Amino acid sequence: MVKSIADIYNEMGAYKEVVYNPPVDAKLVTETLVRQLLECADFIPHYAELMVFWARLGKEIGLETYVAVQRFQGVLSSLMQHIQSHSFSDIPSPIHRAALDIDFHGLEYATEAGIHTSQQCLLGSRGEVLSIIQDLTMFTKEDAKKVFWLSRMAGTGKSAIAHTIARWSRQRGSLGSCFCFTLVQKGGHRNKIFSTIAIDLVNRNPLVRRTLARLYEDDRLRYTGDPTQQWKKFIMEPIKEACKATRAPILIIIDAQDESDAGDTRKLILQGLSAAAERPPNIRVLMTSRPLPNIYCALRYQQHVQHVSLDGVPPELTRRDVEQYVAAKLADLRVFQAEDYVALGQMLNGNFEWARLSCEYITDRMSMEPNPRIRFDAVIAATSGTRNLLDDMYKLILTQVMQREGRLDALLVFCAVMGQVLALLEPLSMASLVAMQRHVSPKDSVDVESVICSLGALLTGITDDKTPIRPLHPLFYEFLMDKAVTDLKAHVERAKFEPSLAMDIEYFFANERVLFYLEVLSLTQSLSGTARALASIVPWFRDYGNSTQAWNAITDMEQFAQTFTTTMQRSTPHLYLSALPFASTATQAIQRFTAKFPGAIRTVTKSVDKGLSLQKVLHGHTGWVTSVAISHDERIVSGSYDMTIQVWDADVGQQLGLPLKRNKGWILSIAISQDGQRIVSGASDSIIRIWNAYTGQQLGSPLKGHNSWVRAVVFSHDGGRIISGSADKTIRIWDAYTGQQLGSPLKGHTHWVQCVAISYDGTRIVSGSADTTIRVWDAGRRQQIGPPLTRHTHLRIVSGSADKTIRVWDAKTGQQLGMPLNGHTELVRSVAISYNDRRIVSGSYDKTIRVWDADTRKQLGPPLEGHTAYVTSVAISRDGQRIVSDSDDLTIGVWDTTDSLPAVLGPDPAHRSVTEACSGEHFSVP
């Protein structure tokens, strides 16, 4: 066999045009030859291992060797005959492998996640897009892009393109794996992604197979459920080893990544695709998804990612492909003309799923309406002038399945069958569904088979008894699940006020059914945002004359949800075991609910007082918590002396993802951009870092320039600049996207710069320092501004000090406005201003937080007590319903403001318009 390989190398010198510049139709043959030579090269040095393996099996070593060599030589001879005769049209022989039967039994495989032959682009369509991806995939230079992200909205043919590329790559031997997510497959399917990719790589690449076999001897790896270890050990390391022998690209396809769960799986995939140090030079990844914000933010700044959006394809090319698809599907009917294909294609707007459904409906020979022309006209009429083409198409098909006469009974049967299909953790075949229905409801005469068979255009697996039944496209799953209805806040905003509906809502909140609602949200891990959703109902009652009782009931449940969300999220039974008893004396509504559960625990003293109350305490940091911020979507970000940054869900009090750990110094300051997508941190190592708020990945290189601790950072309102203040006595301005310092440092302070702020329009910077001064700077000219300030007529600066006071200053005159705000008994470490500029919140070393009226200078209510050490930072949510504080007691406190201060901290649209017109008239400078 060694001689045969040498002869081939010598002979290929005569076919340089095929080797160095092969025709398009010759590429498949030459690439297959290269892959087969690689298998031969792997067989020769590992022949001794195969001899031992054959001996253990009791086989004749000589005979097995002869058979293996003959098969190798047969494939090589066949491929050379193709080249010698220039007959490239025939598909070459498949690659022969003689690998050890290595035991990978610990790896789980998702059998339904591979290439689907039904999801292929029609021959001749999508040529431009396919050509771009093929070229990018096979490009082998050092600067080649490693990740290709294909995006557009659902139903536009992304999966068909991915599966076409997968089949093309498999024919050439470069496919490593193709893994397809789907909404119908639940957690088990998603958790098998990395082990499935590993098994595919093992079966397709001998070098990967041997490396993984060696790693797999470690039992800890064999049975690990850690997805991070699986990604690194099962995929990255074996591909790196394969790269040492050949630079031939190995393609991994991840289709419909947006249909993975939004938690750890998606985050880990995005982290893996973003991690430059771990990417082997020969890996290529094709990922398809909708352009979701967290995916976009994770990949947008990555130099190795090539983003290909189907939105960038000229509309005339998409329309051409759609018309070609429609013509191919309807041609057999022989009743349609070219203008019909054009009419149908023009309605599509690039949605191939809509085209497929339309053609399925029109060509359905079992339809109640046998005339295809009438069905064609029904499609046109049903979807003309509407924005939800697919929803209308689904309704049209289901309307035909369930005729008007007896529709109610048919609908009940449909719900029973499809509810069973959608609720299963893993999809079952027709035979299994029938057997399950008979076992669960033996007395019911539900004909599962007839219901499923009538949905041939919408479901897979209806043609036999063994193929799993599932929605053919995830959009049909979304249509049936109607996820928009679960968004209570959006639903309320769209609903018109009706007295009858208002009475129904009031009745719902007045009885124990609202507890059952919370119970379901807890069981489905959907409690996050519940309190905000309930709060959105109160304004809806503004036209309801007798609304006081409803307001009280809803407000009580809102505060109940805010206070006990963390408890319910951790354990659903504690809704009744802990939350209800401890809230039972707070409101009349809760007291009524308690009476419905006479066996529950009783409290003998008042449990929850109204007013500003500590909702929850967040534990997780192991060092002093130095800084907190809260985003518009209620995520809390905290920085600590433990050198980590953590992101939290403010509703449930749970940490989101893993801590951000690339820091080499204490985290002294953090800020989050207005859009909530980026976090900036300043640390004691003098370095500023920018992070993706969703994936936790560091964006770009660290910002270096300060030569001492970075004690303050802030984003400009437009997110384009970062302002930092340092113990080196300077303020610096940075480009938030490139990381470049803009101009020279701002110098003038004679001691540490403790804090910085920037005006709404970005023209003014305010800094506070340990030199007891506050300075205002022109952000454009990089110069300090002395009074008077000519562009702002009512600019006010709020400061806290070691003299235990908070002071408000008129920046135009430099004069203090009114008397100092006295109340704290120790140093005031942090101040914040509410979104409507009417309230000031302060945190102090006296372990308390206080709320002040910005106009009257009076303290509102008693101090907020709960921390057991210095309060070092405070922040206010955009809607004013939460105050967040951090402390040297290693905790973060979340405080409820909705009951005691219902209108003081929240937005006031009329007042806000004045504030914005004045270009952000308040700065808070602790």
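Looking only at residues in the stretch 654-685 that are part of a loop (DSSP other than H, G, I, E, B) and open to solvent by less than 10 Å² (accessible area, probe 1.4 Å), the one that is nearest to residue 633 (Cα to Cα) is 676. Residue 358 meets each of the listed conditions (1) at pLDDT 75 or above; (2) over 14 Å from residue 458 (Cβ atoms); (3) open to solvent by less than 20 Å² (accessible area, probe 1.4 Å) apart from (2). Report yes if residue 750 is among the β-branched types (Val, Ile, Thr), in a loop (DSSP other than H, G, I, E, B) and modelled with pLDDT of 85 or more, otherwise no. Yes; evaluated as a whole, the condition is true for this residue. Within the set 379, 421, the sole residue that is modelled with pLDDT of 75 or more, crowded, with 17+ Cβ neighbours inside 10 Å and in contact with a helix residue (DSSP H, G or I) (Cβ under 6 Å, 6 or more places away or on another chain) turns out to be 379.
You will find that of 688, 731, the residue that is part of a strand (DSSP E or B) and either under 20 Å from the mean Cα position of the chain (by Cα) or within 30 Å of residue 269 (Cβ to Cβ) (or both) is 688 and no other. Listed by first and then second residue, the pairs linking a residue in the stretch 707-728 that is at positive phi to a residue that is outside any strand (DSSP E or B) and of a type outside the set (Lys, Arg), with Cβ atoms under 9 Å apart and 6 or more places separating them unless they lie on different chains, are 719/673; 719/674; 719/675; 719/677; 719/736; 719/737.
Is it true that residue 81 is at pLDDT 75 or above, open to solvent by less than 90 Å² (accessible area, probe 1.4 Å) and more than 30 Å from residue 426 (Cβ to Cβ)? Spelling it out, it is not the case that residue 81 is at pLDDT 75 or above, open to solvent by less than 90 Å² (accessible area, probe 1.4 Å) and more than 30 Å from residue 426 (Cβ to Cβ).
For residue 704, the stated conditions hold: it is within 24 Å of residue 297 (Cα to Cα), open to solvent by 20 Å² or more (accessible area, probe 1.4 Å) and charged (D, E, K, R). Applying the set (1) open to solvent by 30 Å² or more (accessible area, probe 1.4 Å); (2) among the aromatic types (Phe, Trp, Tyr); (3) touching a residue at least 24 places away in the same chain (Cβ under 8 Å) to residue 341 leaves exactly one unmet item: (3). Using the structure shown, decide if residue 618 is outside any loop (DSSP other than H, G, I, E, B) and at pLDDT below 90. Yes. List the pairs whose first member sits in the stretch 226-242 and is touching a residue at least 24 places away in the same chain (Cβ under 8 Å) and more than 13 Å from residue 176 (Cβ to Cβ), whose second member is open to solvent by less than 50 Å² (accessible area, probe 1.4 Å) and of a type in the set (Phe, Trp, Tyr), and whose Cβ atoms are under 7 Å apart, counting only residues at least 6 apart or on separate chains? Cβ pairs passing all conditions: 227/194; 230/194; 231/194. Look through the stretch 259-303, keep the residues that are open to solvent by less than 30 Å² (accessible area, probe 1.4 Å) and among the basic types (Lys, Arg), and return whichever of them is modelled with the highest pLDDT. Checking each candidate, the answer is 284.
The set of residues from the stretch 152-175 being among the charged types (D, E, K, R) and either closer than 16 Å to residue 309 by Cα or at pLDDT below 80 (or both) comprises 152, 158, 172.
In the stretch 808-829, the qualifying residues are those that are in a strand (DSSP E or B) and at pLDDT 85 or above, and the one that is farthest from the chain's Cα centre (by Cα) is 821. On the stretch given as the stretch 848-884, residues that are in a loop (DSSP other than H, G, I, E, B) and either at pLDDT 90 or above or among the hydroxyl-bearing types (Ser, Thr, Tyr) (or both) total 4. Filtering the stretch 133-140 for residues that are among the β-branched types (Val, Ile, Thr), at pLDDT 75 or above, in a helix (DSSP H, G or I) and closer than 26 Å to residue 328 by Cα leaves a non-empty set.
The values are calculated or read from the model by the stated rules, or taken from the named source; none is laboratory data. All values reported here derive from a predicted model rather than from experimental measurement. Methodologically, a virtual Cβ is constructed for each residue, glycine included, from the backbone with ideal geometry; neighbour enumeration extends over all protein chains shown. Surface areas here come from the heavy atoms of the whole protein model, side chains and all, with no ligands, DNA or RNA. Shrake-Rupley method; radii C 1.70, N 1.55, O 1.52, S 1.80 Å.
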